[in-house]
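Q: Let me begin by handing over the structure; questions about it come next.
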């Protein structure tokens, strides 16, 4: 049971004890018993209620630091470059020092688990079971598994993913044999719990796997929003902060209006931040002002984290083939990803929502094939993009007026001009990068008098006709 619910239960119990003790004292007087019996019992009960006497588990000490979560985009077991378990570990290794600073790191496992039939569709993605075992070694705490490739091997491939994740010590978000929509605690410390809710808006499979109760699916419709509302109604009771992570959009294109509408709905339902993947190219971060006064960052698309896409692109080439932006091998934007860096500072009194300081890191995916096509299995490494060192890359990508150029000027890009990291201390940060505390806690919202269904209805923006 969450600490807030436990404290509320204890307070109610102690009030009942006090009332019963007082009544017992009155009854003793009427029956002629020793008049001192009632007052002594009452005084003991009042001492108990005032916490002079220990009752129940001790209250956890307040957190003396922020809790930090980093969320990245797609990791794909591309054949042959990233299919080996050692290859994905090596690809993420340059990000290890950054990941080590976080309490939890999450990425999108865009694949099923098992063996792909050599005659299968070339875009059917699956990784060997040992692949997931390398991710905790690279610093990951959890993976989202709700995406369009989760069912590429049918239900057995999805079940194998859940089994391999559990064996590896990874949390699997967005799929579960009992309730894939259940909020999952990704960080829990000193009585504070940060949860994640994950889902997908689409699937490549039209069979039973994509319609199974093991996978969280929210279509871009009223039905999808209702599923999101129910999940966040649970999160308001169980969690102190909640991150929404979902899969949606069109590949190699800016994020769609329908997906952004669902993201805004999740923010209104209670998400402290929303992270989206699937397009394989990044999109700028959008701030959504909620009705309860928060400013929620919507990471419209975090793009790729470790893939073989864009393998032939290098400066000073134009970022895309203008006649066909879907020609992936020369699409430079597929080599650029975003890491959402979220830092939660909790009110020691538990009366306000946590303050969210957020930032983003731009990731550049190095690919040996860009320089040497003769290598059979190119070395791939994901590293932080640095404005000075990587000026040629930034300048080349900036030639594409249709690209997500706002990423390069966003004041919340941590490496830009030496910006302060989220939760790094008193150093001034741009106000865009902070969602100030002040709104009621999740528990207060859940118990303020409205049922979860009615609260969700108020939080749903009216659709324009």
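Q: Condition (residue is modelled with pLDDT of 95 or more, in contact with a helix residue (DSSP H, G or I) (Cβ under 6 Å, 6 or more places away or on another chain) and under 30 Å from residue 376 (Cα atoms)) applied to the stretch 264-277: is it met by at least one residue?
A: No, because not a single residue in the stretch 264-277 is modelled with pLDDT of 95 or more, in contact with a helix residue (DSSP H, G or I) (Cβ under 6 Å, 6 or more places away or on another chain) and under 30 Å from residue 376 (Cα atoms).
Q: So, of the residues in the stretch 351-398 that are assigned to a loop (DSSP other than H, G, I, E, B) and touching a strand residue (DSSP E or B) at 6+ places or on another chain (Cβ under 6 Å), which turns out to be farthest from residue 90 (Cα to Cα)?
A: Among residues in the stretch 351-398 that are assigned to a loop (DSSP other than H, G, I, E, B) and touching a strand residue (DSSP E or B) at 6+ places or on another chain (Cβ under 6 Å), the one farthest from residue 90 (Cα to Cα) is 354.
Q: To continue, here is another question. Mind telling me which of the residues 203, 168, 210 ends up being within 21 Å of the chain's Cα centre (by Cα), at pLDDT below 95 and more than 21 Å from residue 67 (Cα to Cα)?
A: Within the list 203, 168, 210, the selection yields 203.
Q: Considering each residue of the stretch 332-355, count those that are surrounded by 23 or more Cβ atoms within 10 Å (Cβ to Cβ) and either farther than 20 Å from residue 103 by Cα or touching a helix residue (DSSP H, G or I) at 6+ places or on another chain (Cβ under 9 Å) (or both), and give that number.
A: Result for the stretch 332-355: 10.
Q: Quick check on the stretch 151-160: of everything there that is touching a strand residue (DSSP E or B) at 6+ places or on another chain (Cβ under 6 Å) and part of a loop (DSSP other than H, G, I, E, B), which residue is nearest to residue 202 (Cα to Cα)?
A: Only one residue fits best here, namely 152.
Q: Can you go through 107, 91, 102, 87 and tell me which one is in the same structural domain as residue 195 (by TED's automatic domain parsing), crowded, with 19+ Cβ neighbours inside 10 Å, part of a loop (DSSP other than H, G, I, E, B) and modelled with pLDDT of 95 or more?
A: After ruling out the rest, the residue left standing is 102.
Residue-by-condition table, conditions (1) surrounded by fewer than 21 Cβ atoms within 10 Å (Cβ to Cβ); (2) in contact with a helix residue (DSSP H, G or I) (Cβ under 7 Å, 6 or more places away or on another chain); (3) within 19 Å of residue 276 (Cα to Cα):
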{"site": "188", "(1), (2), (3)": "yes, no, no"}
{"site": "197", "(1), (2), (3)": "no, yes, yes"}
{"site": "202", "(1), (2), (3)": "yes, no, yes"}
{"site": "209", "(1), (2), (3)": "no, yes, no"}
{"site": "213", "(1), (2), (3)": "yes, no, no"}
{"site": "218", "(1), (2), (3)": "no, yes, yes"}
{"site": "221", "(1), (2), (3)": "yes, no, yes"}
{"site": "226", "(1), (2), (3)": "yes, no, yes"}
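Q: Select from the stretch 61-82 the residues that are touching a residue at least 40 places away in the same chain (Cβ under 8 Å), assigned to a loop (DSSP other than H, G, I, E, B) and closer than 15 Å to residue 380 by Cβ and list them in ascending order. Give the derivation first.
A: In the first step, residues of the stretch 61-82 are kept if they are touching a residue at least 40 places away in the same chain (Cβ under 8 Å); the result is 61-63, 65-78, 80-82.
Okay, now just the ones that are also assigned to a loop (DSSP other than H, G, I, E, B), so 61-63, 65-66, 76-78, 80-82.
Within the stretch 61-82, 76, 77, 78, 80, 81, 82 meet the criteria.
The values are calculated or read from the model by the stated rules, or taken from the named source; none is laboratory data. Remember, predicted model here, so these are calculated numbers, not experimental data. Note that each Cβ is placed from the backbone with ideal geometry, even for glycine, and that neighbours are counted across all protein chains shown.
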